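For reference, the structure discussed in these notes is given below.
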Amino acid sequence: MKKILTILLFGTTLLLASNSINVSDAYARATPPNMPNSAAFMSLENITDKDISLVKASSNVANKVELHTHDMKNGVMKMYEVEEILIKANNNTVLKPGGYHIMLIGLNKPLKEGDFIDLSLEFSNGETKSLKLEVKTVMKGMMNHH
């Protein structure tokens, strides 16, 4: 009986954890021919009372996928990789041009407006999300965030 109760409790915890992050307004940036890199943007909503971080992303359209941000340093905007992107409890973190984003490095092919790509996200609570992102121009994608 104790084993069954443990399994039920564990299963309930996994069920709750699987719905802790909502993803909306997700898209990948279209690229011109011969552009080796692109980026993905979205809104991540944490609907729990605990902080959760995006810790990894992957996609079959790129050789490498990294979490990135931008900062102004000595009057120059610099982009760099980060280990995680925090989504505070009961809050929203927006991945957008000029801020946090997911870099798609070493594209296998150009990303054309209207196409769709697969993107997987892994979070610090063990949750994963498999997404199909529409490829859009940056301006069309940003209209969703305003």
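Placing +1 on the Cβ of every Lys and Arg and -1 on the Cβ of every Asp and Glu, with nothing else charged, gives the range 67-146 a dipole about its Cα centre of roughly 320 debye.
Suppose the chain between SER24 and ILE105 were pulled fully straight at 0.36 nm per residue; how much longer would it get relative to their current alpha carbon spacing?
26.9 nm
A cut-off of 5 Å between modelled amide H atoms, ignoring neighbours fewer than 5 places along the same chain, links SER53 with ILE87, SER124, ASN125. When peptides 77-89, 44-56 are sorted by average Cβ neighbour count within 10 Å, with the highest value leading, the order is 44-56, 77-89. Charge dipole (Cα centre; +1 on Lys/Arg Cβ, -1 on Asp/Glu Cβ; no other charges) of the range 42-96 amounts to roughly 180 debye. For the range 18-75, the Cβ-based charge dipole about the Cα centre amounts to some 260 debye (Lys, Arg positive; Asp, Glu negative; other atoms uncharged).
All of the numbers you see were taken from the coordinates with simple rules; none came from a lab. Not measured: the values here are computed from a predicted model. As a convention, Cβ positions derive from the backbone with ideal geometry for all residues, glycine included, and neighbour counts pool all protein chains shown.
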